[in-house]
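Engineer: One structure is given below, represented as structure tokens, and several questions about it will come after.
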Amino acid sequence: MTRIIIEGGKKLSGTVRVGGAKNAALPIMAGSILSHGKVVLSNIPNLNDVETMEKVLSALGVKCRQISDGTIELAADGNLSEEAPYELVKTMRASFFVMGPLLARLKRAKIPLPGGCAIGVRPVDIHLKGFEMLGARVSLEAGCAVATADRLIGAPIMLDFPSVGATENLMMAAVYAEGTTTINNAAREPEIVDLANFLRSMGASITGAGTASITINGVKALGGTNYSIISDRIEAGTFLVLASLFQDSILIDNCSTDSLHAVIAKLQEMGAEIKPEGNGIRVKGPDRLKSAEIKTLPFPGFPTDLQAQFMAAMCLSEGTSLVTETVFENRFMHVSELIRMGAKLNIRDRTVVINGVDKLIGAPVMATDLRAGAAMVIAGLVAEGTTEVGNVHHIDRGYEKLVDRLRGLGAVIHRLEPDSNE
Ligand code: UD1
């Protein structure tokens, strides 16, 4: 099993660069299915999830070609299949994003249900209900969601919850529907704005992305495009939390404060100095962070994808902090791992009570999911002694070359591959 080994307690400073946004890249790659031309995407992060999406698209008949580091070409100009393979879909929930564009393009799609994952049940009922509102017949067959339609007709859709994935899938499904679709109670995440901008660059008619009401006027055909993905606000947020734990300033390059207001406000409340600088954000931590309360919410609220990283920092904050998770029902797997490092945490229903301690002690721990993995790395960097983080494949899903970039800041950290000698 690959592990990340960290010698904690070293001072970090310098500059770290943020890559392209995974959660924007995945739906945009799926959106290439809608195009009759060539789609060239740049600022694509080199991550396992991106590779999985390429495999899903290839299995559907989309030609995928790497042009250079971070740039890929996708061409859905041949015969397309409507059926995505279970072996791939089961490894990544975001594979389900291909359903909307396939339904729009072929009027039929058969996609295995993504199943559960470490952070909760995560059904796709909101996606499927929306497809029905557009006129599709939806059924479940042998573990797959099947949608077929003679024609898709634009309609008003009201989401039961502002699901990010459902908003994206329905936006793509509606691109070729006849007439006007409005998605109400839509998710407002920056990744949705990026997807809308991408679709517009191919000729789609979409307004309101980034608000709770998105309007899509159906068009006949989308052409090709050259499009650059936004930078990853969750990766930026992860580095913001980390930098707040160090007293020498750190520049987080290639990111903007625009999509991080809730996160920056919270870190400032905890005592960090944070200000925009050039094309990035400069952060300097206080001698000791203060405690705080956070509650995860859909954007522009506090992102669930940064909850675990904040909790790691709060373990060392002065006083008692509270973290309430409202988006996912089971996203506290990292709590028991942090306790193994000496943190004082208690789970009370959907809230974790964190009593700040003076120090964390390095220990062998597990990355229980992607963001929990980042939290364990943060904890390891500020702990006394050696921390070994296992289940590194979770971290590799969302952070490109994390170890190398942390080394660039002065961290004493390395990967231990199964066949390498210690
Ligand atoms: C996306 C992000 C993920 C982030 C999440 C919330 C990607 C690839 N992933 O996931 O990193 O944590 O947004 O910001 O962009 N739900 C239903 N029925 C549905 C759909 C969702 O009940 O049909 C529930 C989910 O179980 C969950 C909540 O809604 O409890 C939020 O899910 P959603 O916003 O859809 O997240 P994802 O798109 O899966």
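The values are calculated or read from the model by the stated rules, or taken from the named source; none is laboratory data. This structure is a prediction, so every number in the text was calculated from the model and none was measured. Please note: Cβ atoms are built from the backbone with ideal geometry, for glycine as well, and neighbour counts cover all protein chains shown. In case anyone asks, the SASA skips ligands and DNA or RNA and just uses the protein heavy atoms, side chains included. Shrake-Rupley method; radii C 1.70, N 1.55, O 1.52, S 1.80 Å.
Engineer: For the stretch 31-45, give me each residue that is more than 27 Å from VAL392 (Cα to Cα) and within 14 Å of the ligand (Cβ to nearest atom).
Structural biologist: Within the stretch 31-45, GLY31 is the sole residue that qualifies.
Engineer: ARG105 passes all but one of (1) touching a residue at least 40 places away in the same chain (Cβ under 8 Å); (2) open to solvent by less than 20 Å² (accessible area, probe 1.4 Å); (3) over 23 Å from the mean Cα position of the chain (by Cα); which number fails?
Structural biologist: So ARG105 meets the others, but not (2).
Engineer: Do you know which of the residues in the stretch 71-88 that are in contact with a Leu (Cβ under 8 Å, 6 or more places away or on another chain) and of a type in the set (A, V, I, L, M, F, W, C) is surrounded by the fewest Cβ atoms within 10 Å (Cβ to Cβ)?
Structural biologist: Going through the qualifying residues, I end up with LEU80.
Engineer: Report, by residue number, each residue of the stretch 174-207 that is surrounded by fewer than 16 Cβ atoms within 10 Å (Cβ to Cβ) and in a loop (DSSP other than H, G, I, E, B).
Structural biologist: GLY179
Engineer: Inspect the stretch 38-45 for any residue being over 19 Å from VAL175 (Cβ atoms) and either of a type in the set (Ser, Thr, Tyr) or loosely packed, with under 15 Cβ neighbours inside 10 Å (or both) and give the result as yes or no.
Structural biologist: Scanning the stretch 38-45, I find at least one residue that is over 19 Å from VAL175 (Cβ atoms) and either of a type in the set (Ser, Thr, Tyr) or loosely packed, with under 15 Cβ neighbours inside 10 Å (or both), so the answer is yes.
Engineer: Could you tell me whether the stretch 299-313 includes any residue that is β-branched (Val, Ile, Thr) and touching a helix residue (DSSP H, G or I) at 6+ places or on another chain (Cβ under 6 Å)?
Structural biologist: Looking for residues that are β-branched (Val, Ile, Thr) and touching a helix residue (DSSP H, G or I) at 6+ places or on another chain (Cβ under 6 Å), one finds none in the stretch 299-313, hence no.
Engineer: Considering PHE97, PHE131, PHE161, which residue is of a type outside the set (Asp, Glu) and over 28 Å from GLY223 (Cα atoms)?
Structural biologist: One residue alone meets the criteria, PHE161.
Engineer: Filter the helices (runs of 4 or more DSSP H) completely within the stretch 1-108 down to those with at least 3 residues that are at pLDDT 95 or above.
Structural biologist: Correct list: 22-31, 48-59, 99-106.
Engineer: Mind listing whichever residues of the stretch 318-328 are of a type in the set (Gly, Ala, Ser) and assigned to a strand (DSSP E or B)? Show your work before the answer.
Structural biologist: Let us first name the residues in the stretch 318-328 that are of a type in the set (Gly, Ala, Ser), namely 319, 321.
Of everything in the stretch 318-328, just one residue is of a type in the set (Gly, Ala, Ser) and assigned to a strand (DSSP E or B), namely SER321.
Engineer: Let me ask you something else. So, in the stretch 389-403, exactly how many residues are under 20 Å from GLY362 (Cα atoms) and either out of contact with any Leu (no Cβ under 7 Å at 6 or more places or on another chain) or hydroxyl-bearing (Ser, Thr, Tyr) (or both)?
Structural biologist: Total satisfying the criteria: 6.
Engineer: Restricting the search to the stretch 46-63, which residues are more than 16 Å from the ligand (Cβ to nearest atom) and surrounded by 19 or more Cβ atoms within 10 Å (Cβ to Cβ)?
Structural biologist: LEU60, VAL62
Engineer: Would you confirm, using the coordinates I've provided, whether SER213 is among the polar types (S, T, N, Q) and surrounded by 17 or more Cβ atoms within 10 Å (Cβ to Cβ)?
Structural biologist: no
Engineer: Just the residues that are at negative phi and small (Gly, Ala, Ser), please, taken from the stretch 35-63.
Structural biologist: SER35, GLY37, SER42, SER58, ALA59
Engineer: While we're on this one: Please go through the stretch 239-290 and give me each residue that is charged (D, E, K, R) and more than 24 Å from PRO45 (Cα to Cα), ordered by number.
Structural biologist: Going residue by residue through the stretch 239-290, those that are charged (D, E, K, R) are 248, 253, 258, 266, 269, 273, 275, 277, 282, 284, 287-288, 290.
The answer is ASP248, LYS266, GLU269, GLU273, LYS275, LYS284, ASP287, ARG288, LYS290.
Engineer: In the stretch 121-144, is there at least one residue being open to solvent by less than 60 Å² (accessible area, probe 1.4 Å), basic (Lys, Arg) and either within 27 Å of ASP396 (Cβ to Cβ) or assigned to a helix (DSSP H, G or I) (or both)?
Structural biologist: Taking the stretch 121-144 first, the residues open to solvent by less than 60 Å² (accessible area, probe 1.4 Å) are 124, 126-128, 130-131, 134-136, 138-139, 143-144.
Narrowing further to those that are basic (Lys, Arg): none.
No, the stretch 121-144 contains no residue that is open to solvent by less than 60 Å² (accessible area, probe 1.4 Å), basic (Lys, Arg) and either within 27 Å of ASP396 (Cβ to Cβ) or assigned to a helix (DSSP H, G or I) (or both).
Engineer: Let me ask something additional. So for the stretch 113-120 (the condition being of a type outside the set (A, V, I, L, M) and at positive phi), does at least one residue qualify?
Structural biologist: There is at least one residue in the stretch 113-120 that is of a type outside the set (A, V, I, L, M) and at positive phi.
Engineer: Mind counting the residues in the stretch 308-324 that are open to solvent by 10 Å² or more (accessible area, probe 1.4 Å) and of a type in the set (Gly, Ala, Ser)?
Structural biologist: 1
Engineer: Tally the residues that are open to solvent by less than 10 Å² (accessible area, probe 1.4 Å), assigned to a loop (DSSP other than H, G, I, E, B) and over 19 Å from PHE328 (Cα atoms), restricting the search to the stretch 151-173.
Structural biologist: Residues that pass the stated criteria total 1.
Engineer: So, of the residues in the stretch 262-307 that are within 16 Å of the ligand (Cβ to nearest atom) and small (Gly, Ala, Ser), which turns out to be surrounded by the most Cβ atoms within 10 Å (Cβ to Cβ)?
Structural biologist: My answer is ALA262.
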